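To keep things clear, I will list the structure first and then write my remarks on it.
The values are calculated or read from the model by the stated rules, or taken from the named source; none is laboratory data. Being a predicted model, the structure only gives us computed values, none of them experimental. Counting neighbours? That spans all protein chains shown, and the Cβs are built from the backbone with ideal geometry, glycine included. The accessibility values were calculated without ligands, DNA or RNA, using every heavy atom of the protein model including side chains. Shrake-Rupley method; radii C 1.70, N 1.55, O 1.52, S 1.80 Å.
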Amino acid sequence: MPTPTTTLALGPSWLDPEVLISTFGLIGILVIVFAESGLLIGFFLPGDSLLFTAGLLTADGKYITYPLWLVCLLITIAAIAGDQVGYAFGRKVGPALFRRPNSKLFKQENVLKAHEFFEKYGARSIVLARFVPIVRTFTPIVAGVSRMNYRTFVIYNVIGGVLWGTGVTVLGYFLGQIPFVKANIEMILIGIVLISVIPIAVELLRAWLAARRGTTPQERAAAEEAIRETREHYGKH
């Protein structure tokens, strides 16, 4: 397994999944999953790589000595609970969130990105966002702001929580028992991070290609009008 000094490619050493798990154990995993799933301050926390490592360490019996089914159950519950809190926060704070000034831990662009994601995929975004860093933190909040039907939200929240919380952890559990994976865990984790940002990369590429092709004055005016209407809609409440 990698040591904190060999995982800097994934970010600060204190965000290294193994460091977090070895320090805080299963409780730490649950707190991080909960925070990243619906608290504004959780967007920078490791998600996919943390769950994958949790599964791997469960298989090893290193730092996590609980059975896989219990680990998956608790992680899934934490993920679902986090989204529920995010949804409730969005309903309570409402449009004021779109007028909140930027700070070191809050960027308006993250909220707008999640809003665009929600508008594009509708209810499915609650499931799809689980696998997209940053977006998964803000999407349940935006769902609350948009007053998404609560029953529909709960259904998709449970589905997404199970697929992400259990799916990624189980993947780490079984792949972690493969000698090649265990010997190259740092590269595997980097790969997971890269795969998880593919949706964002695709959107950026599409935007770049659109810019290269150019837009007509009418298209630019329509886009600007859509942005203006969105801001005015949330600014009036």
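Entry remark, region 121-161: residues being part of a helix (DSSP H, G or I), under 15 Å from the mean Cα position of the chain (by Cα) and at pLDDT below 90 number 17 in total. Of all residues in region 176-190, those that are among the aliphatic types (A, V, I, L, M), modelled with pLDDT of 75 or more and within 20 Å of VAL19 (Cα to Cα) total 0. One residue alone among ALA81, ALA59 is crowded, with 16+ Cβ neighbours inside 10 Å and either modelled with pLDDT of 90 or more or not hydrophobic (A, V, I, L, M, F, W, C) (or both), and that residue is ALA81. So, VAL193, is that one out of contact with any strand residue (DSSP E or B) (no Cβ under 9 Å at 6 or more places or on another chain) and either open to solvent by less than 20 Å² (accessible area, probe 1.4 Å) or at pLDDT 80 or above (or both) or not? No.
For beta carbons closer than 7 Å, sequence separation of 6+ or different chains, a first residue in region 145-172 that is more than 18 Å from VAL132 (Cβ to Cβ) and a second that is open to solvent by 70 Å² or more (accessible area, probe 1.4 Å) and modelled with pLDDT of 95 or more, there are no qualifying pairs.
For region 131-144, the candidate set comprises residues that are among the β-branched types (Val, Ile, Thr) and either in contact with a strand residue (DSSP E or B) (Cβ under 7 Å, 6 or more places away or on another chain) or free of Cβ contacts under 8 Å to residues at least 60 places away in the same chain (or both); within that set, the residue that is farthest from GLY90 (Cα to Cα) is THR139. Residues that are closer than 22 Å to SER49 by Cβ, open to solvent by 20 Å² or more (accessible area, probe 1.4 Å) and of a type in the set (A, V, I, L, M) within region 128-158 comprise LEU128, ILE134, listed in sequence order. Pairing each residue of region 24-38 that is polar (S, T, N, Q) with any residue that is open to solvent by less than 20 Å² (accessible area, probe 1.4 Å) and in a helix (DSSP H, G or I), provided the two are 6+ apart or on different chains, yields C-beta distances under 6 Å for SER37/ALA79; SER37/GLY82; SER37/ASP83.
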